[in-house]
Amino acid sequence: AAGPPTEATGLLSDKNMTAGGAIVPKRASRMERRNIKFTPKQYIIYATCCFLGGMLCGWIGIGVEKVTFFLLTYFHDVDVIAAGLSSITMTGWLSFFAFLLHALCTPEDEGIGPHFSCAVRDKSNPFGHVFGKVPYELWLSVIPGILIGSLVGPAVNAAVGPRNIMIVFVIFLLFDAGYNLYNLTDNGYFAELLGLAESKI
């Protein structure tokens with residue numbers, strides 16, 4: 001009859017044996033990986049990367065949500081579904097507050113009201129408005145596409161496969177980022193930002 005489990009057997013119960021015989025720690029379950037406990041160092045890393053991602057978003061239209069997705073999957077090994085939903089939810093809340101500012105505080109000559117004063121008043125902005133009206137027309141034009149995509153998307157994902165969808169998504173993002181960076185360079189934005197543009201008299 002087999003004897004009682006030894007201490008080594010108990011230790012191996014929480015580990016996996018590879019084909020080469022090496023012992024590696026057992027991977028945490030999906031729910032355990034979703035239950036993130038941040039360290040002060042990770043707070044600093046997230047804050048810095050998200051700040052830079054927000055600046056990148058202002059330049060090329062993509063940034064902070066992709067940065068958050070990368071941090072969650074790289075630092076904490078969070079599964080793709082949870083990381084994607086967390087990034088999208090965070091971006092949605094940020095966009096919602098930005099929408100409120102631009103919808104409620106836009107100048108009177110840039111769109112519908114109520115034209116509240118939400119910003120610091122100074123010589124360049126004496127009324128404290130937030131410049132840039134909400135593109136309601138653009139919103140209305142993309143709603144049908146979002147509706148159709150939400151209905152067709154799950155079927156396409158099941159047919160093509162999540163990994164292939166992710167590859168196509170990454171290729172699209174790289175193309176979009178490269179295209180926007182090319183436009184910024186072609187328009188002289190970076191040259192002006194670095195003080196290399198020729199002065200116009």
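The values are calculated or read from the model by the stated rules, or taken from the named source; none is laboratory data. Just so it is clear, the model here is predicted, and its values are computed rather than measured. Glycine also receives a Cβ, built like all others from the backbone with ideal geometry; neighbour counts cover every protein chain displayed.
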Tell me which helices (runs of 4 or more DSSP H) are completely within region 17-102 and hold 1 or more residues being within 30 Å of residue 133 (Cα to Cα) and modelled with pLDDT under 85, or say none if there are none. 40-60, 64-75
Please enumerate the residues belonging to region 36-47 that are surrounded by 11 or more Cβ atoms within 10 Å (Cβ to Cβ) and either within 13 Å of the chain's Cα centre (by Cα) or not aliphatic (A, V, I, L, M) (or both). 38, 42, 46
If you check residue 117 against the conditions, is it surrounded by fewer than 11 Cβ atoms within 10 Å (Cβ to Cβ), of a type in the set (Ser, Thr, Tyr) and either in contact with a His (Cβ under 9 Å, 6 or more places away or on another chain) or more than 21 Å from residue 63 (Cα to Cα) (or both)? no
